[in-house]
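Have a look at the structure below before the remarks.
The values are calculated or read from the model by the stated rules, or taken from the named source; none is laboratory data. Since we're looking at a predicted model, the values are computed, not measured. Glycine gets a Cβ as well: all are built from the backbone with ideal geometry, and neighbour counts include every protein chain shown.
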Amino acid sequence: MRAQVKTLEGGVAHDIELPALFSEEFRPDLIRKAVLALQSTRRQPHGTYPYAGICSSAVGWGSGRGASHVPRIKNGSRAAKVPQAKGGREAHPPVVAKVLVKEINQKEKQKAFRSAVAASVREDLVRGRGHLFEGAVPVIFEDKFESLDRTQDVIRALTAAGVYQDVERAKASRKIRAGRGKMRGRKYKQRKSLLIVTKADSLRSARNLPGVDVVTIDQLNVEHLAPGMQPGRLTVWTEGALTHLGGAS
């Protein structure tokens, strides 16, 4: 499989042969499993205080009073400690010891990554995620793209390549979240846009673009390529990143 390498002005510099993993079998089941395993490592364990609701002087009255045998506060008759009592312990509280991390076999993880990379060059899957672009995928820039240090230069290059309209789509999708999350530091929701993969530099000049993620080839994982467990993300590569990817595979 061959693809064109674009110049910063939108022209064609030359053709290159894509690495073999771009022809990998499409396995959405493995991609979903790998993304879930990755997301599970970010879950923060939490649990209740072990003695919550049972720090009380309450003891049962025993038999002979015509009352239930629940613990009752001394010098009173109010029930305490038990789950059905006001202020009592929780019946089945969350515990820190619960195992939250989901496991995945190493070979499954590797195949899921290769499958997610291959899905990024399938136009039907990329358009199925809602991405807007002109021309063919993948979008590959010459290595000069990594040296752009102004956001306006990045926008100009993406526009010339026919993919900047997807960034505008993500910008227009920003909305206020429904529910309590807006009070907890995540007020806005916004769709994902481009994924930019470079060889060495993380291209800081593109980090402020709405919905855009910028990673080096060494940082790239299956969640970058399939956010929300849905493969087919519109990805912009540099030639050096592809060369490194082919050598690593």
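Would you call GLY11 surrounded by 14 or more Cβ atoms within 10 Å (Cβ to Cβ) and either over 30 Å from VAL126 (Cα atoms) or modelled with pLDDT under 95 (or both)? Against the criterion (surrounded by 14 or more Cβ atoms within 10 Å (Cβ to Cβ) and either over 30 Å from VAL126 (Cα atoms) or modelled with pLDDT under 95 (or both)), GLY11 does not qualify. Evaluate the stretch 39-62: report whether one residue or more is assigned to a helix (DSSP H, G or I) and not basic (Lys, Arg). The answer is yes; a qualifying residue exists. Residue check: is LEU242 surrounded by 18 or more Cβ atoms within 10 Å (Cβ to Cβ), closer than 21 Å to LYS144 by Cβ, touching a Pro at 6+ places or on another chain (Cβ under 8 Å) and not hydroxyl-bearing (Ser, Thr, Tyr)? Considered against the rule, which asks whether it is surrounded by 18 or more Cβ atoms within 10 Å (Cβ to Cβ), closer than 21 Å to LYS144 by Cβ, touching a Pro at 6+ places or on another chain (Cβ under 8 Å) and not hydroxyl-bearing (Ser, Thr, Tyr), LEU242 comes out as yes.
Residues in the stretch 67-112 that are exposed (fewer than 11 other Cβ atoms within 10 Å of the Cβ) and basic (Lys, Arg): LYS74, LYS86, LYS98, LYS107. Cβ-Cβ distances below 8 Å connect the following pairs, each with a first residue in the stretch 146-165 that is under 19 Å from GLN4 (Cβ atoms), a second residue that is assigned to a helix (DSSP H, G or I) and hydroxyl-bearing (Ser, Thr, Tyr), and a separation of six or more residues or different chains: LEU158/TYR164. Which residue out of THR198, THR216 is hydroxyl-bearing (Ser, Thr, Tyr), modelled with pLDDT of 95 or more and farther than 21 Å from VAL35 by Cβ? Selected residue: THR198, the only one of THR198, THR216 that is hydroxyl-bearing (Ser, Thr, Tyr), modelled with pLDDT of 95 or more and farther than 21 Å from VAL35 by Cβ.
Out of all the residues in the stretch 204-249, which are of a type in the set (S, T, N, Q) and either in contact with a helix residue (DSSP H, G or I) (Cβ under 8 Å, 6 or more places away or on another chain) or over 16 Å from GLU142 (Cβ atoms) (or both)? SER205, ASN208, THR216, GLN219, ASN221, GLN230, THR235, THR238, SER249 - these are the residues of the stretch 204-249 that are of a type in the set (S, T, N, Q) and either in contact with a helix residue (DSSP H, G or I) (Cβ under 8 Å, 6 or more places away or on another chain) or over 16 Å from GLU142 (Cβ atoms) (or both).
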